[in-house]
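What follows is a short report on a single structure.
The values are calculated or read from the model by the stated rules, or taken from the named source; none is laboratory data. Nothing here was measured: the structure is a model prediction, and the numbers come from that model. Glycine also receives a Cβ, built like all others from the backbone with ideal geometry; neighbour counts cover every protein chain displayed.
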Amino acid sequence: MGVQEALKDILKESYGIDVVETKTITRLMFRQSYVIKDSRKKQYIVKDYAGTLDLQELNRLWQYYLTLWEAGIQVGRAVRKLNSNEFHFFFEGRIYVVFEYVNGKRSEVVQYKQVAECLQKYHGVASSMDVLPGLATTRDKLSLARSLFPFFHQSKYSMKNEILECEDDVYRIVDVYAGQDKTILHGDTILENMVSDGEKTVLIDFDSIHYGDVMEDVSNTVLSFLYYGSKTFKMNPERYVLVKKFVEAYYGKNYTEDLEKNIYYYMQVHCVLELLRHAENIRFLIRMPGMKDYLKMLVLIIHSPDFKTILEKEDDQND
């Protein structure tokens, strides 16, 4: 029996969901996620968490979804199994969770005001949340740099020299970090994780939550503005005008040189975290479609001193 057929039986028996259609929405080397439609045309997301989050972390995550919902933040909550307090199920040794589907279209860069309002609302709620025990901070994640980066030195793989050339930059970014790790960040605020109904924008996919400085989320979105729509993660220098408008809309003040420097530094922090996340499996992950281009973008930002440098490099490549 195939995975999709097995999921159909499990969802019927454990959740009372009569599946009539299943579609793969995330096709990765190690795990996949699905969107399903039931007999009432209601949709759900089924996510495979194998090798990413353990049960303790998942319990914290879906409780966080419920807390956000109660605080007025629209999220796709985890679905509880019938006659049970559990939100997960196992299949072939893998952990799956069923989530409510959030209707809407992916946000676009021209909706920068909606995107800014979305992040403002989320951060306002998240900054006043009770402490989530055991949730990592940005500082915790950065502190692993000197134990994780050596994995990039091992074995042969494409792009090895380029990655190793940014090692000193990685340690510099880590060593000067002075963020206020007081807010539960979304952690992956790319436009693909924002859904718009035309009037408002909401966040989806909170798998990367951790404590940090809100500017880290803002900078993540800035980066997304620059490469959005490019299959090869090429940045569009012309979008920098919208980046400024987005940042001004979020902070409610003019875009200054100091603000730009801070935004760029936190964008580097995000890129360091992303690079380190792939260290242990770099030899396999770099073979995945699009991964080499993604890593090139991370290295470019980590190794470059400011926005002007990376945007000029993109202009030169486009000429």
(request) Would you check if there is a residue in the stretch 136-153 being within 16 Å of MET267 (Cα to Cα) and out of contact with any His (no Cβ under 8 Å at 6 or more places or on another chain)? (result) yes
(message) Take the residues in the stretch 105-137 that are at pLDDT 95 or above and of a type in the set (Gly, Ala, Ser); name whichever of them is farthest from VAL241 (Cα to Cα).
(response) ALA136
(request) Of all residues in the stretch 31-66, count the ones that are surrounded by 18 or more Cβ atoms within 10 Å (Cβ to Cβ) and either charged (D, E, K, R) or more than 19 Å from PRO133 (Cα to Cα) (or both). (result) 9
(request) State all residues of the stretch 57-79 that are in a loop (DSSP other than H, G, I, E, B) and closer than 14 Å to LYS47 by Cα; if no residue qualifies, say none. (result) GLY76, ARG77, VAL79
(request) Inspect the stretch 211-230 for any residue being hydrophobic (A, V, I, L, M, F, W, C), crowded, with 17+ Cβ neighbours inside 10 Å and not in a helix (DSSP H, G or I) and give the result as yes or no. (result) no
(request) Taking the residues in the stretch 159-191 that are in a loop (DSSP other than H, G, I, E, B) and among the acidic types (Asp, Glu) as candidates, determine which candidate is nearest to the chain's Cα centre (by Cα). (result) ASP188
(request) Examine the stretch 284-305 for a residue that is out of contact with any strand residue (DSSP E or B) (no Cβ under 8 Å at 6 or more places or on another chain) and farther than 30 Å from SER155 by Cα, and state whether such a residue exists. (result) no
(request) For the stretch 240-261, indicate whether the set of residues that are under 23 Å from LYS141 (Cα atoms) and assigned to a helix (DSSP H, G or I) is non-empty. (result) yes
(request) Look at PHE284 and say whether it is surrounded by fewer than 16 Cβ atoms within 10 Å (Cβ to Cβ), of a type in the set (Phe, Trp, Tyr) and at pLDDT below 95. (result) yes
(request) Take the stretch 157-172 and flag every residue that is touching a residue at least 24 places away in the same chain (Cβ under 8 Å) and surrounded by fewer than 20 Cβ atoms within 10 Å (Cβ to Cβ). (result) TYR157, SER158, MET159, GLU162, GLU165, ASP169, TYR171
(message) Tell me the residue from ALA6, ALA78 that is farther than 25 Å from GLY104 by Cα and either over 19 Å from the mean Cα position of the chain (by Cα) or not assigned by TED's automatic domain parsing to the domain that holds GLY124 (or both), please.
(response) ALA6
(message) Which count do you get for residues in the stretch 262-285 that are part of a loop (DSSP other than H, G, I, E, B) and in contact with a His (Cβ under 8 Å, 6 or more places away or on another chain)?
(response) 0
(message) Can you find a residue that is under 20 Å from MET159 (Cα atoms) and surrounded by 14 or more Cβ atoms within 10 Å (Cβ to Cβ) anywhere in the stretch 235-254?
(response) yes
(message) Just to be sure I understand, how many residues within the stretch 9-51 are in a loop (DSSP other than H, G, I, E, B) and either touching a Phe, Trp or Tyr at 6+ places or on another chain (Cβ under 9 Å) or at positive phi (or both)?
(response) 10
(request) Residue by residue through the stretch 248-279, note down the ones that are small (Gly, Ala, Ser) and either outside the structural domain of ARG146 (by TED's automatic domain parsing) or without any contact (Cβ under 8 Å) to a residue 24 or more places away in the chain (or both). (result) GLY252
